[in-house]
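J.: Before anything else, here's the structure in question.
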């Protein structure tokens, strides 16, 4: 950065010095009085110059002090220019009670009042406007987002939950955890804006949890919960209603389900590109004839317990190396897999058709689905507890699928024939 510093010009001290009173000529006697007068004149001028130099030194010291002050201010400006002017947070935590009963903008105002704290915990009463980051009555500025800041929002009375509602000036309920920050919602209700994308938004290594929360989406195009770019979120006792997509996650984010999570939406949960899911609570998705579960691009969904239920009304669609390991699978819909793997450690109740394209389906505890409902294409494998494609004497031709044992036998026969002398 360039700094403009004051320029100090020092003129020669004796540039305008006067001549001495008496001038002597060689060979001419000098009177003592004249010599003394010359000495007195020189002495007076020397004293005057000493005073001038002292004054100049004083001004130089003053200028140095001013320069230091200017540099300090410039450093402050540089720090602020690196991002938000509020990047430097107070390393503390503050608890704030907010009553929105007669003043729904109270949460927004409280946030801006305490925005310099690293951790803010808001306890709410009433219906509070979301999109708290925008400046009140100044939405053209685009609002603020502070790095590494964590916000907690809960109700003063969990039995009479407070609500986050769309901001009257922006039309959004928007709440975010991003840039390493956190968002922790508990015992509140959220109503999204019309067709709002990401009313509850986790991004850029953000973290947080949604606990004992009901989210009601407004508009058929709403996607209320978005998790992306390495963010990590815990869901526990969450209900999402009326959305186009209930939960959308992508790009190496992580989701953990505890308690019960229910999604009632046209498309339930959509996961893309490296998302990891750890299911340790019951997940129920009601999507009618739509996609209840869509996994695309190396998505991993794992349930570590066979008795944990994954209840789906709608279809399962998995492509591009995705993996689903369910506990007990209850599916009222179809399964479509392409280059992917599905497994149910508990019993699988399936009412629809299963199509496998270069994929694997394994049901460790069996299924009530008819064998004829399974269709296989390419190098696909179907393994069901208690079922064999070939039992040693009979081939089950009700399906074109083969289990691993049948594949192994087929490969053995092929290579055995190749080794026979012609």
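The values are calculated or read from the model by the stated rules, or taken from the named source; none is laboratory data. On a predicted model such as this, the values are computed, not experimentally measured, just so you know. Neighbour counts run over all protein chains shown; Cβ positions are idealised from the backbone, glycine included.
J.: Which residues, counting only those in the range 116-154, are under 17 Å from residue 103 (Cβ atoms), surrounded by 20 or more Cβ atoms within 10 Å (Cβ to Cβ), modelled with pLDDT of 95 or more and out of contact with any helix residue (DSSP H, G or I) (no Cβ under 7 Å at 6 or more places or on another chain)?
T.: Within the range 116-154, 130, 131, 153 qualify.
J.: Cβ contacts < 9 Å: first residue closer than 12 Å to residue 152 by Cβ, restricted to the range 109-125; second residue assigned to a helix (DSSP H, G or I) and at pLDDT 95 or above, any location; separation 6+ or different chain. Result?
T.: 120/110; 120/111; 122/107; 122/110; 122/111; 124/106; 124/107
J.: In addition: Modelled with pLDDT of 95 or more, in contact with a strand residue (DSSP E or B) (Cβ under 7 Å, 6 or more places away or on another chain), within 20 Å of residue 328 (Cα to Cα) and buried (at least 18 other Cβ atoms within 10 Å of the Cβ): does that describe residue 245?
T.: When the stated conditions are applied, residue 245 does not pass them.
J.: Need pairs with beta-carbon distance below 6 Å; first residue on the phi > 0 side of the Ramachandran plot and within the range 251-262, second surrounded by fewer than 23 Cβ atoms within 10 Å (Cβ to Cβ); sequence gap 6+ or separate chains.
T.: Sorted first by the residue in the range 251-262, then by its partner, the pairs are 251/228; 251/229; 251/273; 252/230; 252/274; 259/236; 259/237; 259/281.
J.: Please enumerate the residues belonging to the range 88-101 that are over 18 Å from residue 154 (Cα atoms) and either modelled with pLDDT of 95 or more or surrounded by fewer than 16 Cβ atoms within 10 Å (Cβ to Cβ) (or both).
T.: Those that are over 18 Å from residue 154 (Cα atoms) and either modelled with pLDDT of 95 or more or surrounded by fewer than 16 Cβ atoms within 10 Å (Cβ to Cβ) (or both): 88, 90, 91, 92.
J.: Collect the residues in the range 155-170 that are more than 16 Å from residue 97 (Cβ to Cβ) and free of Cβ contacts under 8 Å to residues at least 24 places away in the same chain, keeping them in residue-number order.
T.: Once the filter is applied, which keeps residues that are more than 16 Å from residue 97 (Cβ to Cβ) and free of Cβ contacts under 8 Å to residues at least 24 places away in the same chain, the range 155-170 yields only 159.
J.: Could I ask something else about it? Taking residue 208 as meeting all but one of (1) buried (at least 17 other Cβ atoms within 10 Å of the Cβ); (2) modelled with pLDDT under 95; (3) at positive phi, write down the number of the exception.
T.: (2)
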